[in-house]
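To keep things clear, I will list the structure first and then write my remarks on it.
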Amino acid sequence: MGQEPRLRRNDRDARSSGVPSQWKCSSSYGGRSLTTEKAVLRILDDVLSLKGAGAAMNARSPLLGAVPELDSMAVLSIITALEEHFGFSVDDDEIDGSTFATVGTLTAFVDGKLCN
């Protein structure tokens, strides 16, 4: 079997991408991240009723404070949808506003959950 995924603790890498280093998993941050991002964008589009506008977003697209539909109830709905789609659970103390800063930070959070 392959090695267990390791979290990268490279601060320079985290600063350059805007993604906190604790959310980066060396085994999934490459190819699977693109698939994860597409799924996250679909979930955002569905939950927020963006009518396809999610397809125009990318990793640097701001979320919290920039998407009017993203209120506290929508955040809970997105978390529930992510849990159901990816098969993990999210504890209250695992997330904060920075998780929903951009599509990239949300995708990195999901990738980090998938690494564990």
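The values are calculated or read from the model by the stated rules, or taken from the named source; none is laboratory data. Please read all numbers here as calculations on a predicted model, not as lab measurements. Cβ placement follows ideal geometry from the backbone for every residue including glycine, while neighbour counts extend to all protein chains displayed.
Among the residues of segment 10-24, is any in a loop (DSSP other than H, G, I, E, B), β-branched (V, I, T), under 18 Å from T99 (Cα atoms) and modelled with pLDDT under 50?
First pass over segment 10-24, keeping only residues in a loop (DSSP other than H, G, I, E, B): 10, 18-20, 24.
Remaining after also requiring β-branched (V, I, T): 19.
Now drop any that are not under 18 Å from T99 (Cα atoms), which leaves 19.
With modelled with pLDDT under 50 added as a condition, the list becomes 19.
Yes.
Being surrounded by 13 or more Cβ atoms within 10 Å (Cβ to Cβ), in contact with a Lys or Arg (Cβ under 6 Å, 6 or more places away or on another chain) and either of a type outside the set (V, I, T) or at pLDDT below 95 (or both), is that true of even one residue in segment 63-78? The answer is no, given that none of the residues of segment 63-78 is surrounded by 13 or more Cβ atoms within 10 Å (Cβ to Cβ), in contact with a Lys or Arg (Cβ under 6 Å, 6 or more places away or on another chain) and either of a type outside the set (V, I, T) or at pLDDT below 95 (or both). Can you find a residue in segment 99-111 that is surrounded by 19 or more Cβ atoms within 10 Å (Cβ to Cβ), among the charged types (D, E, K, R) and within 19 Å of T35 (Cβ to Cβ)? Within segment 99-111 (the criterion being surrounded by 19 or more Cβ atoms within 10 Å (Cβ to Cβ), among the charged types (D, E, K, R) and within 19 Å of T35 (Cβ to Cβ)), the answer is yes, since at least one residue qualifies.
Within segment 66-103, being within 13 Å of L44 (Cβ to Cβ) and among the charged types (D, E, K, R) holds for one residue alone: E69.
Taking L106, is it modelled with pLDDT under 95 and either in a helix (DSSP H, G or I) or closer than 15 Å to I43 by Cα (or both)?
Against the criterion (modelled with pLDDT under 95 and either in a helix (DSSP H, G or I) or closer than 15 Å to I43 by Cα (or both)), L106 does not qualify.
One residue alone among V67, V90, V75 is over 16 Å from D111 (Cβ atoms) and part of a loop (DSSP other than H, G, I, E, B), and that residue is V67.
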